[in-house]
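Trainee: Input: one structure, supplied below.
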Amino acid sequence: MLCKIDNYLRTLYRLSGYIAAIFLILVAIFILTGIASRIFGFYIRGLAEYSGYCMAASSFLALAYTFGEKGHIRITLFLEKSNKKIFRTMVFVYINFFFRIFIFLFFKNAYGFF
């Protein structure tokens, strides 16, 4: 039962990675079309908005793919090359730093502090 769910999720994550790549290609196409249209003297309305929507979609879909590849929101290239003591220290510093930012933004937005 769990193997079927795991296989289904892996397929879903891989598919979301492919769809994210398609959205990134669409971002490039929309931006290049906007540049070319200005050069040739006509303007296509909405290209900036469509490229923004495609960028948001690709970001969210790529997060699922990176989660499936075990590369989710970490600085893996830097941390993989370090020894265990430095790795643990850096992970603690990163978590501590971003937790403090989260708490600051929470109190600032929720209660109007700062």
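Trainee: Residue by residue, what Karplus-based ³J(HN,Hα) values in Hz, rounded to whole numbers, does the stretch 4-15 have, using 6.51, -1.76 and 1.60 with θ = phi - 60° and x for Gly and Pro?
Mentor: After applying 6.51 cos²θ - 1.76 cosθ + 1.60, I find 5, 5, 4, 5, 4, 5, 4, 5, 5, 5, 5, 5 Hz.
Trainee: Per residue of the stretch 43-58, what does 6.51 cos²θ - 1.76 cosθ + 1.60 with θ = phi - 60° give for ³J(HN,Hα)? Whole Hz please, x for Gly and Pro, Karplus curve as stated.
Mentor: Karplus-based 3J(HN,Hα) across the stretch 43-58 equals 10, 9, 6, x, 5, 5, 5, 5, 5, x, 5, 5, 5, 5, 5, 5 Hz.
Trainee: Pop the C-beta distance of residue 98 and residue 39 into the FRET formula with R0 = 30 Å and round what comes out to the nearest 0.05.
Mentor: The formula returns an efficiency of 0.10 here.
Trainee: Cut-off under 29 Å on the C-alpha distance; same-chain residues fewer than 8 positions from residue 84 excluded. Which lysines are left, in chain and number order?
Mentor: By straight Cα distance, residue 84 reaches 70.
Trainee: With a 10 Å radius around each residue's Cβ, average the other Cβ atoms per peptide and rank 40-49, 21-30, highest first.
Mentor: Per-residue Cβ counts within 10 Å, averaged per peptide and sorted highest first, yield 21-30, 40-49.
Trainee: Find the relative contact order for the chain and round it to a whole percent, using C-alpha pairs within less than 8 Å whose residues are 6+ positions apart.
Mentor: Values: 59 pairs, mean separation 29.7, N = 114.
Averaging sequence separation for qualifying contacts and normalising by length gives 26 percent for the chain.
Trainee: Counting other beta carbons within 10 Å of each Cβ, put 54, 3 in order, fewest first.
Mentor: Numbers: 54 21, 3 7.
In increasing order of surrounding Cβ atoms, one gets 3, 54.
Trainee: If we sort 14-20, 83-89 on the protection proxy, mean other Cβ atoms within 10 Å, highest first, what's the order?
Mentor: Descending packing order for the listed peptides: 14-20, 83-89.
Trainee: Additional query: Give a residue-ordered list of calculated ³J(HN,Hα) values for the stretch 24-33 (Karplus: 6.51 cos²θ - 1.76 cosθ + 1.60, θ = phi - 60°; whole Hz; x for Gly, Pro).
Mentor: Result, ordered by residue: 5, 5, 5, 4, 4, 5, 5, 5, 5, 5 Hz.
Trainee: Return one number: the angle in degrees, 0 to 90 and rounded to the nearest 10, between the long axis of the Cα atoms of helix 84-111 and the longest principal axis of the Cα atoms of the chain.
Mentor: Once rounded, one gets 60 degrees.
Trainee: Still on this structure, please answer the following. Once you have the Cα-Cα distance between residue 25 and residue 87, take 0.36 nm times their residue separation minus that, and quote the gain in nm to one decimal.
Mentor: Result: 18.8 nm gained on full extension.
Trainee: Show that you can apply the helix-only estimate: for the chain, add -39,500 (n - 2.57) for every DSSP H stretch of four or more residues, divide by all residues, and state [θ] at 222 nm to the nearest 500.
Mentor: -28500 deg cm²/dmol
All of the numbers you see were taken from the coordinates with simple rules; none came from a lab. Predicted model, so just to flag it, every value in this text is computed and none were measured. Reconstructed Cβ throughout: ideal geometry from the backbone, glycine too, with neighbour counts over all protein chains shown.
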